Amino acid sequence: MTDALVSALRRARSVAVLTGSGVSAESGVPTFRDAQTGLWARYEPQELATPEAFERDPGLVWEWYEWRRDLVRAAKPNPGHRALTELERRVPSFSLATQNVDGLHRRAGSESVLELHGNIMRSKCSVEGMEAEPREGDESVPPLCPGCGGFLRPDVVWFGEALPEDAFAAASGAARGCDVFLSAGTSSLVYPAASLPYEAARSGALLVEINPDDTPLTQHADHALRGRAGEVLPALVAALGEA
């Protein structure tokens, strides 16, 4: 933690953040790959997380996501989530884009959250594309849309699908307009989300990476803080002093 970084954050009028699976992993939420264990170890991602997989075997895909939803329900926000909630309270303009689908940022109290890959706890109609929840007592697997009777599916972005246009446009705008950009717990490999730090840097933002390991972003960062988000983020916010 350098004095220059702490000073820049204190002066910042606008901060944008991108978080990835490393942040959720500290709450016990398995990364995408780690979620293919036990009964699910014999499946490849293409068999469980694509539109084609759902069309081929919607019951199998729904059951995998139900298993993952149980893991998310048992998870709790960690100190990294809570530190970002505190940072949002301190900064006049704050935006938090996340690649995580577990909703833990909102559960921690963050308000300006852009869910780039959707939310695993929500469902939507596979036919109409609108958010919907099953009727009470519907035991179909997957359950049926109350409106049109089509299958419900998890409201997440699958391989081969585009990110929610509004959410990504808002995240891109926040990246271009911020003074400081924090990239926390992400491999910086998954596009288009991985493009956001570079947009911020091109617009003159101070670029900060928080990760235990080097990533493709590391060499471009003004500050590369090595460690877990649940340790580094609370320390960074604490260094800002009393609000």
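The values are calculated or read from the model by the stated rules, or taken from the named source; none is laboratory data. Small disclaimer: the values here were computed from a predicted structure and weren't measured. Methodologically, a virtual Cβ is constructed for each residue, glycine included, from the backbone with ideal geometry; neighbour enumeration extends over all protein chains shown.
For the range 112-142, which positions are hydroxyl-bearing (Ser, Thr, Tyr) and exposed (fewer than 15 other Cβ atoms within 10 Å of the Cβ)?
Passing the criteria: only Ser140.
Only one of Ala162, Ala201, Ala174, Ala167 is surrounded by 19 or more Cβ atoms within 10 Å (Cβ to Cβ) and not aromatic (Phe, Trp, Tyr). Can you tell me which?
None of the others qualify; the one that does is Ala174.
Return a yes/no flag: does the range 61-69 have any residue that is within 16 Å of the chain's Cα centre (by Cα) and in the same structural domain as Phe168 (by the TED database).
No, every residue in the range 61-69 fails to be within 16 Å of the chain's Cα centre (by Cα) and in the same structural domain as Phe168 (by the TED database).
So for the range 94-103 (the condition being buried (at least 20 other Cβ atoms within 10 Å of the Cβ), aromatic (Phe, Trp, Tyr) and out of contact with any Pro (no Cβ under 9 Å at 6 or more places or on another chain)), does at least one residue qualify?
The answer is yes; a qualifying residue exists.
Restricting attention to the range 223-243, does a residue exist that is within 21 Å of Asn100 (Cβ to Cβ), in a loop (DSSP other than H, G, I, E, B) and modelled with pLDDT under 95?
Within the range 223-243, not a single residue is within 21 Å of Asn100 (Cβ to Cβ), in a loop (DSSP other than H, G, I, E, B) and modelled with pLDDT under 95.
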